[in-house]
Amino acid sequence: ILDAVFPFLFTLASYVCIIAAILRIPSSISRQKAFSTCSSHLILITIFYGTLILVYMVPRRASLRQLNKAFSFFYTVLTPLVNPLIYSLRNREVK
């Protein structure tokens with residue numbers, strides 16, 4: 001659990017600082033662009049840590065084994081696989 005809690009807290013603290021900095025931007029259009037840039041990463045971080053926490057919090061029973069496997073798939077395979085795709089779609093040259 002410590003291997004997941006410290007990186008999660010560090011990421012959470014980083015995003016609090018990022019959001020505070022974005023909210024200090026005077027222009028609403030610039031603020032919207034900054035939130036748009038951060039949103040894809042924030043969604044992936046939420047999926048990663050959300051499923052990781054669920055895997056450790058769901059009781060270990062035979063009936064929930066398939067659900068645990070699905071959650072494990074999300075944070076071990078799906079998140080790293082989708083991450084480059086999302087960042088490349090945000091690139092103007094790729095569009």
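The values are calculated or read from the model by the stated rules, or taken from the named source; none is laboratory data. Note that the coordinates shown come from a computational prediction; the quantities given were computed from them, not determined experimentally. In this analysis, Cβ positions are derived from the backbone assuming ideal geometry, glycine residues included, and neighbour counts consider all displayed protein chains. Note: accessible area is taken over every heavy atom of the protein model, side chains too, but ligands, DNA and RNA are not part of it. Shrake-Rupley method; radii C 1.70, N 1.55, O 1.52, S 1.80 Å.
Selection within the range 12-53: residues that are surrounded by 15 or more Cβ atoms within 10 Å (Cβ to Cβ) and of a type in the set (S, T, N, Q). The member of this set that is nearest to TYR75 (Cα to Cα) is THR51.
Figure legend. Inter-residue proximity from the range 26-40: first residues within 23 Å of LEU12 (Cα to Cα) and at pLDDT 80 or above, second residues among the aliphatic types (A, V, I, L, M) and assigned to a helix (DSSP H, G or I), beta-carbon distance below 6 Å, spacing 6+ or different chains. Indicated pairs: ARG31/ILE22; ALA34/ILE22. Checked against (1) open to solvent by less than 60 Å² (accessible area, probe 1.4 Å); (2) in a loop (DSSP other than H, G, I, E, B), PHE71 passes all but condition (2).
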